[in-house]
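Some notes on the structure that comes next.
The values are calculated or read from the model by the stated rules, or taken from the named source; none is laboratory data. Owing to the predicted nature of the structure, the values given are computational and were not obtained by experimental measurement. Don't worry about glycine lacking a Cβ; one is built from the backbone with ideal geometry, like all the others, and counts go over all protein chains shown. Each accessible area value is taken on the protein alone, full model and side chains, heavy atoms only, with ligands, DNA and RNA left out. Shrake-Rupley method; radii C 1.70, N 1.55, O 1.52, S 1.80 Å.
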Amino acid sequence: MFDPREKISLFIDGANLYAASKGLGFDIDYRKLLKAFNGRGYLLRAYYYTAIIEDQEYSSIRPLIDWLDYNGYRVVTKPAKEFTDAHGRRKIKGNMDIELAVDAMEQAETVDHLVIFSGDGDFTSLVAALQRRGRKVTVVSTMTTQPSMIADCLRRQADNFIDIASLKSEVGRAESERTIRHPEMIDDDEDELEYQT
């Protein structure tokens, strides 16, 4: 699946990976994640994408973003839009698909293998475009949760699929190590993040 001579870049849809790991009952240790993929080839870049609420005095995702920024990740953020739905629930809309796709297409000129951490079916066309450029694409998500977090079309298009559940022992954070927390977010099909309070 991985060739140790390959140059690799990671593209992490933050909300999607968080929802997948939460659904599986564990937190991601981002230091271990870098180490795990650096061991599979030459890790050139690791991107992390998330929308943030700019006008909040304190954002629960800020410590994670700062930590990632200082520890080997290229963090890509943009302001999220906040609104209240018909049921009175506070919703946050923040789609990072375009930013991830642009970076992946640019990195395709340099790397051999792109690893996309998302189950979003919107990335199927991106995967096909990267493959047309002769690049290998692995998608990391999960089929283990109910419902599955990976779109069938994306899983079929990818060269490889890794279920994040199979990486738990390698990249999971131990209960005693839980210091950096991601906000309680759910990334649904409408590209909205619902903050649970």
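Axis of helix 14-23 versus longest Cα principal axis of the chain: the two differ by about 80°, to the nearest ten degrees.
Considering only alpha-carbon pairs that sit under 8 angstrom and 6 or more positions apart, the relative contact order computed for the chain is 28 percent. Could you compute the FRET efficiency for R31 and D97, with r as their C-beta to C-beta distance and R0 at 30 Å, rounded to 0.05? Once the sixth-power term is evaluated, E becomes 0.70.
Candidate values (1) 49, 37, 31; (2) 49, 44, 33; (3) 42, 37, 29 were compared with Cα extents along the principal axes in Å computed on the shown model; the agreeing label is (1). Remark: region 80-91, residue by residue, has Karplus-estimated 3J(HN,Hα) of 8, 9, 10, 7, 10, 7, 4, 9, x, 8, 6, 10 Hz, where x stands for each Gly or Pro and the curve is 6.51 cos²θ - 1.76 cosθ + 1.60 at θ = phi - 60°. Between the helical axis of 97-107 and the longest alpha-carbon principal axis of the chain there is an angle of about 20 degrees. Just the protein heavy atoms count here, and of the accessible area of the chain at 1.4 Å, carbon and sulfur take up 47 percent. Charge dipole (Cα centre; +1 on Lys/Arg Cβ, -1 on Asp/Glu Cβ; no other charges) of region 1-159 amounts to roughly 380 debye. Here's how it looks for Y48: its modeled amide H is under 5 Å from those of I12, R74, V75, V76, which are all 5 or more places away or on a different chain.
Among the listed pairs K78/K136; K32/K168; K32/K93; K32/K91; K7/K78, which are separated by more than 22 Å between their Cα atoms? Please report the intermediate quantities before stating the final value.
Working: K78/K136 28 Å; K32/K168 10 Å; K32/K93 29 Å; K32/K91 31 Å; K7/K78 28 Å.
Violating the 22 Å limit, Cα to Cα: K78/K136; K32/K93; K32/K91; K7/K78.
The residues of the chain expose on average 50 square angstrom of accessible surface per residue, using a 1.4 Å probe on protein heavy atoms.
Shape index of region 20-78: Rg/Rh, with Rg the Cα radius of gyration and Rh the Kirkwood radius from the inverse mean 1/r over Cα pairs, equals 1.01.
Considering only N95, P63, L34, and ranking their Cα positions along the charge dipole of the chain that arises from unit charges at the beta-carbon of Lys, Arg, Asp and Glu, the one farthest toward the positive end is L34. Heavy-atom accessible area with a 1.4 Å probe sorts L68, L43, largest first, into L43, L68.
Computed 3J(HN,Hα) for region 159-173, one whole-Hz value per residue from the Karplus formula 6.51 cos²θ - 1.76 cosθ + 1.60 where θ = phi - 60°, is 5, 9, 10, 10, 7, 4, 4, 6, 9, 3, 5, 8, 10, x, 8, glycine and proline marked x.
Sorted by mean Cβ packing within 10 Å, highest first, what order do the peptides 162-172, 76-86 take? It would help to have the intermediate numbers written out before the result.
Working: 162-172: 17.1, 76-86: 13.5.
Going by the mean number of other Cβ atoms within 10 Å, highest first, we get 162-172, 76-86.
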